[in-house]
Each structure stands twice: as C-alpha cells, then as structure tokens.
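Novice: Could you have a look at this structure, given as structure tokens, before my questions?
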Amino acid sequence: TGRNVAWKIDLPGRGPSGPIVVAGRVIVTSATGPTQDRLHVLCYDAASGKLLWHRQLWATGPTSVADFSGVAAPTPASDGRLIFALFSSNDLACFDLDGNLQWVRGLSFESPTTRNNVGMASSPLVVGSTVVVQLENQGESFATGLDTATGETRWRIEREHDAIWCSPTVLRGKQPDDDLVLLQGRKQLSAHDPRTGKKLWAHDGKIETISSVTTCGDTVYLPAVGLWALRSESRGRRVTPLWYNDRLRPANSSPVAFGDYVYFIKPAGILVCCEARDGK
C-alpha cells in the first residue's frame, strides 16, 4: 500500500500483458526471442509473488509488431476455473489454475491473413461458457465465440476489414442468461448473444479504435469522438441514447464508470471526471 512494495518480479522478454488475479493467483503473459515467437504464461502467488508455474508455447501466427507494442499485448481472461491467454500472433491457449494445458487454437494458422502491421491487442472475454475473441484487421476479419471447455467454435461473425485494438466487453443483464457481448467497430457498436453471436442491437457512429467501451449497470459508455451514454432496454433487445458530449475524448484510454461518475485520462496526462447522468 502506498510506498510499501509487498513484492516485485522481473518478467522475461517483452510485454508484459496486463495482469489478472484469479483465486489468489496473479496471471501474466510475455514473449521472448528475436521475433517474440516464444510465448509465456506465468502464474504467481498473489500474497508472496512466488512463481507457481510457467508455461511456454511457440507462436503459430505472425509476430511482427510496432516498437510501442508487443506480442503479449492482450490481457488474459478467466472464468475463475480456466485461464485464457491470447497473443498478437492470434494464438489462444487455455490452462487450468494449476497450469495444465486444456486446449490451444492457432487462429492465424487457421486464417493466415488475420493480422495488421503494428500488432493485435484486443483481449479475450469470458461470458458464461463462451470465450469471445475479436480479431478485427485489414485481412480476414472476424469475431468468434469458442466453447471454454473444448475450444471448439460456437459461432463466427465476419467483421469490417479494418484494424481496431478495442476489446469485447460484457453488458451484464439481470440474470446471467441476459448477459450480452459488446463488439466495437470503427462505424458501429453492436450487442450480441454470447451463446450464438446473434446481433440484438446496434449504435452507429464514428467510434474510437483503441479505447474500449465500458458499462455500469444497464448504461453503456462509448468513446466515439467524444463520449456517448447509451441505455440498454427491453432485456437487452434495444438501446436508447441518453447523452453525448464531444468534449469528453478519452483518446487511447478506456473510460471507467463507478457509481455516479465516469473517469478517463486524456492526452497530456489529464484525469477527467464527468457526471454519469448527463455528461457534465
């Protein structure tokens, strides 16, 4: 807390990804080698920083990235029992909490043109028994939902052939079966059934390509050359705009919504807070 550091570790190679904490474990990924083609998934004890396990894989897809990025840019995801590690090479690996490999998919090996010239960065999302991956790029562009237990494809949606680096986001319903997946493109935000991929509603506009949409209750906050507040209604089957403020521009940071306020960082390191009800 504060200036007191409980523990510190040095991770191998470039990256690392953003860490996640699952059942008292810290999970993080990184990549090593001259071309970052060796992929690492590491698990540490959250209390002590002790290494619990370390797994390595070889990339099956492209590993070229810009200097400001890395092959381990995507953040892992978890449902509390399984860990899903995605890399810019579009390799997706599933481990249990003890580090046992459950399955792996080389999504660029399966779709070789799925790539962009600075590297992929969208993170996976787990909703129920589906892990959602959004691979939007100039080549073969798609979003897909995979069975968490087997890695088998449940659905696949073709997407616009243009690069984005946003991550899919969950919009929680009143019951788990009402949860929706939000997919953000350059021209449209859409809500989908996580089990089938079926589109339930859409909001059009000029949307940011790096900062990701966020939610709080039934309200969606969308970075789109400013900030939109949208309300999901009729059990997630319809969306209604609440307000828009073109002065609220998160740029590359994703907004955070908590209680009555929304926060984000804009260029020059300025922290901005607005009122959730009206964008003031």
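We did not get these values from a lab; they are worked out from the coordinates using the rules stated. The structure presented is a predicted model; accordingly, all values stated were derived computationally and were not measured. All Cβ positions, even for glycine, are placed from backbone atoms using ideal geometry, and neighbour counts span all protein chains on display.
Novice: For the peptides 128-136, 249-257, what is the packing order when you average, over each peptide's residues, the other Cβ atoms within 10 Å and list the highest mean first?
Specialist: 128-136, 249-257
Novice: Further question on the same structure: In a GNM of the chain with a 10 Å cut-off on Cα contacts, which of P168, P19, P76 has the highest mean-square fluctuation?
Specialist: P19
Novice: Suppose every K and R has +1 on its Cβ and every D and E has -1 on its Cβ; what is the size of the dipole of the stretch 21-87 about the Cα centre, in Debye to the nearest 20?
Specialist: The calculation lands at about 220 debye.
Novice: Counting Lys and Arg as +1 and Asp and Glu as -1, each charge on the Cβ, what is the dipole of the stretch 1-117 about the Cα centre in debye, to the nearest 20?
Specialist: 240 debye
Novice: With the dipole of the chain worked out from charges on the C-beta (+1 for Lys and Arg, -1 for Asp and Glu) around the Cα centre, which of P62, P194, G226 lies farthest toward the positive end?
Specialist: Looking along the dipole axis, the top candidate is G226.
Novice: Moving to a separate point now. List the relative contact order of the stretch 120-171 as a percent without decimals, with contacts defined as Cα pairs under 8 Å and 6+ residues apart.
Specialist: Relative contact order of the stretch 120-171: 39 percent.
Novice: For every helix of n ≥ 4 consecutive DSSP H residues, a contribution of -39,500 (n - 2.57) applies; sum these over the chain, divide by its total residues, and give [θ] at 222 nm rounded to the nearest 500 deg cm²/dmol.
Specialist: It comes out at 0 deg cm²/dmol, rounded to the nearest 500.
Novice: Kindly identify the stretch 108-243 as rounded, prolate or oblate by the Cα gyration tensor criterion: order the square roots of the eigenvalues as a ≥ b ≥ c, call it rounded if a/c is under 1.5, otherwise compare a/b with b/c, prolate if a/b is larger, else oblate.
Specialist: oblate
Novice: Of the labelled options (1) 34, 19, 17; (2) 37, 22, 17; (3) 29, 22, 19, which one gives semi-axes √(5λ) of the Cα gyration tensor in Å as computed for this structure?
Specialist: From the options (1) 34, 19, 17; (2) 37, 22, 17; (3) 29, 22, 19, the structure gives (3).
Novice: Enumerate the lysines that K187 could reach by cross-link, defined here as Cα to Cα under 23 Å, with residues fewer than 8 away along the same chain left out.
Specialist: Partners found: K198, K199, K206, K266.
Novice: Of the options Y263, T148, Q184, report the single residue whose Cα projects farthest towards the positive end of the charge dipole of the stretch 130-270 (beta-carbon charges: Lys, Arg +1; Asp, Glu -1).
Specialist: Farthest along the dipole direction, towards plus: Y263.
Novice: To the nearest 20 debye, what is the magnitude of the charge dipole of the chain about its Cα centre, counting +1 on the Cβ of each Lys and Arg and -1 on the Cβ of each Asp and Glu?
Specialist: 440 debye
Novice: Sticking with this structure for a sec: Near K8, which aspartates and glutamates are there with a Cα under 12 Å away, not counting those fewer than 8 places off in the same chain?
Specialist: The qualifying aspartates and glutamates are D45.
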